[in-house]
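The values are calculated or read from the model by the stated rules, or taken from the named source; none is laboratory data. Given the structure is predicted, the values throughout are model-derived calculations rather than measurements. In this analysis, Cβ positions are derived from the backbone assuming ideal geometry, glycine residues included, and neighbour counts consider all displayed protein chains.
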Amino acid sequence: MMKEIVLTPTYMNSFSCIGSDCEDSCCIGWQVTLNKKTYQKYKKIKHAELSVKLNKGLKRIKNQTASDSKYAYFSMDSEKRCPMLNEKNLCGLQLNFGEDMLSPVCTTYPRMLNKIDQEYELSAKLSCPEIARLALLNPDGIDFDKKEYEVNKNWSTMMSLKTDGVNNRDLFSWEVREFAIDIVQNRKLKISDRLIFLGLFMNRLQEILDRKNYQEINRLVNEYQQKINNPAYLHSLENINDSLSLQIETILELIAARKRSGVTSSRYLECFNDMIRGLDLDGKEEILKSKLEDTYLYNYTNYYLPFMNEHEYIFENYVVNYMFESMFPNMASGKIFKDYTKLSTIFAMLKVHFVGISGYSKGLSTDQAIKIIQSFVRAIEHNDTYLSGMMELLEENGFTTLAHIASLLKDRKSEEIHVQ
């Protein structure tokens, strides 16, 4: 362990793995990638039971993707379980040899460790059920602490940014990220309107980056800080119209993308199938969009809205955690509006799951919300095929403009719903 200055959400102070009590083991359904050093260490293990499992399950990567960091992997068994798991879903390597024997991937997960200059940022993936509960169920929102923290030397750093002595956009990285999080945590607006406001800011910021006029960034942040405190401006966001047809297209593409993606997570598939049944699409070859719109709106007004009116902080916490762990917006990439489009697409997909499942269950509970988001993150956020398919759909249909994204995100006003 080494002590470092770390910026971290306060929920990390309470996290510890719950092991075999976890309802969705992180060692089931995913390929466990090993670096060269770990692979060589495992090949030297002498243990009556584990040596047999290692000889059978340990595989070299022998194609063009192989590298020292992605050198080998564990071949999952017939039940998609890591061969190192025992009957209680505990790792045999850790039980017999300690945590130092784990690969960097296994040691780090569900933690997400990023680095800016000499300071670390530590958060965690919501695909871990325990993290999902800690991060999402705080009605006061996610807070952050900067403090000394013992960082495990074996943890993998996911993203790294250096700004020392650099006179460019990266110097404004944290200022922009902090304001973006402030937008999402501003409860003067509904969460969908906060994301639309974020899009307006990201669109202007992208124009500045394209022109390389980085000195304008501070002025832009100040301008939008004034706007978010202007009641008249915020009221104008509430009057933006939604696009139910675009939201329905999202539902249909979700169904198509699910078939292409090869998702095998049984926990997510339970949620997906409940969504399908809740939207009255189960087993239907032909889909009448007008009927689907009626069902969607009925679920939305009768089951989804009552839950979200009391628990909108769950979506807020989800978005904030996503932004922090992914260092959104990534100023170094120069493609921040594309990052925003991705975030908006993920949010729209997640909302569709909530609307469908709320109809199937005739309501929602916080336990259901955790299951939906945790399994969604595990199956979708970790699945590049799924996400790229959704992004391609938007691009092919010209739906990547700010106006289209706003209509995709926008919640329908309750007074405009007339479904019996």
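Laid out as a table, the results:
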{"item": "Check on G278, at pLDDT below 90 and either of a type outside the set (S, T, N, Q) or more than 21 Å from the chain's Cα centre (by Cα) (or both)", "result": "no"}
{"item": "Qualifying residue in segment 340-360 (condition: in the same structural domain as E249 (by TED's automatic domain parsing), among the aromatic types (F, W, Y) and more than 19 Å from the chain's Cα centre (by Cα))", "result": "yes"}
{"item": "Test: residue in segment 3-24 that is at pLDDT below 85, outside any strand (DSSP E or B) and buried (at least 18 other Cβ atoms within 10 Å of the Cβ)", "result": "yes"}
{"item": "Top-ranked residue in segment 50-79 [being assigned to a loop (DSSP other than H, G, I, E, B) and of a type in the set (A, V, I, L, M, F, W, C); ranked as surrounded by the most Cβ atoms within 10 Å (Cβ to Cβ)]", "result": "M76"}
{"item": "Residues that are surrounded by fewer than 18 Cβ atoms within 10 Å (Cβ to Cβ) and either more than 18 Å from L195 (Cβ to Cβ) or modelled with pLDDT of 90 or more (or both), drawn from segment 237-254", "result": "S245, E249, L252"}
{"item": "Qualifying positions in segment 80-101 - touching a strand residue (DSSP E or B) at 6+ places or on another chain (Cβ under 8 Å), in a loop (DSSP other than H, G, I, E, B) and at pLDDT 80 or above", "result": "C82, P83, M84, N89"}
{"item": "Filter pass, I45 being β-branched (V, I, T), surrounded by 12 or more Cβ atoms within 10 Å (Cβ to Cβ) and either more than 30 Å from L137 (Cβ to Cβ) or more than 28 Å from the chain's Cα centre (by Cα) (or both)", "result": "yes"}
{"item": "All positions within segment 17-43 that are in contact with an Asp or Glu (Cβ under 8 Å, 6 or more places away or on another chain) and among the polar types (S, T, N, Q)", "result": "N35"}
{"item": "Where R211 falls short, out of the listed (1) over 25 Å from the mean Cα position of the chain (by Cα); (2) buried (at least 18 other Cβ atoms within 10 Å of the Cβ)", "result": "(2)"}
{"item": "Residues located in segment 192-229, provided they are among the charged types (D, E, K, R) and either touching a strand residue (DSSP E or B) at 6+ places or on another chain (Cβ under 7 Å) or in a helix (DSSP H, G or I) (or both)", "result": "D193, R194, R204, E207, D210, R211, E216, R219, E223, K227"}
{"item": "Residues of segment 367-394 that turn out to be of a type in the set (V, I, T) and over 20 Å from P110 (Cβ atoms), as a count", "result": "1"}
